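Reviewing the structure listed below.
The values are calculated or read from the model by the stated rules, or taken from the named source; none is laboratory data. Treat the numbers as computed from the prediction; the structure is a model and nothing was measured. Reconstructed Cβ throughout: ideal geometry from the backbone, glycine too, with neighbour counts over all protein chains shown. Ligands, DNA and RNA are excluded from the accessible area calculation, which covers all protein heavy atoms including side chains. Shrake-Rupley method; radii C 1.70, N 1.55, O 1.52, S 1.80 Å.
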Amino acid sequence: MINVKYINNNSDNGIIHGIDTYDHCKTRAITGFLPLVYNRMGIKEFTDMDETLSRLEDTSLDQFWMQHALELARQAEAEGEVPVGAVLVRNNEVIGEGWNRPIASHDPTGHAEINALRDAANRIGNYRLVDSTLYVTLEPCVMCAGAIIHARVKRVVYGATEPKTGAVVSVFDVLTDQRHNHRPEVTGGILAEQCASQLQEFFKSRRSK
């Protein structure tokens, strides 16, 4: 069975809470996240947690966490930012979350990936994020790719490609360049259509105003 966990810095001094039962889930920080993801995967409601997690085993974990990143991207959109979201996971634990906030934060480095890396580093008290996987809805840019390498992220999973500034495969291959002393594993195209559609709808809406 998949044991999804969540680190919450704002409760119990950051103690990791395992999701074991429906009642347990209702009282933990992850409560607001799991129903959204499960519903989008065709699960209407929580009836039996064992059955729900069993159904989750038949899906891709990459898709599961990319759905989480998509929800974070919606937060960016709600704030008037380009909808890109990122979540950092280690051993099925969320250790960092981020979404685009360069406008609101007055910070040119405020991309989703950077914010997720900062969040994770603060939570665990270490700038090295070894053995972690970063899920992001859009192919990282050069800046974010460099930060990922410095943080020693083990694996990067992205959704839509970025044909103008993508630094993984589209324009540059920063993450896999043999000259680096650390090269994360890379998986692309996870829920690519959903990720791309989210961005396309955002810009379509902006152009119509």
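See the values below:
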quantity: Accessible surface, 1.4 Å probe, highest first, among residues HIS182, HIS150, HIS68; calculated: HIS150, HIS182, HIS68
quantity: Whether the range 53-171 is rounded, prolate or oblate, judged on the alpha carbon gyration tensor where a/c under 1.5 counts as rounded; calculated: rounded
quantity: With DNA, RNA and ligands ignored, accessible area of ASP107 (1.4 Å probe; Å², nearest 10); calculated: 40 Å²
quantity: ARG155 paired with VAL130, simple spin-label distance in nm, labels 7 Å along Cα-to-beta-carbon; calculated: 1.8 nm
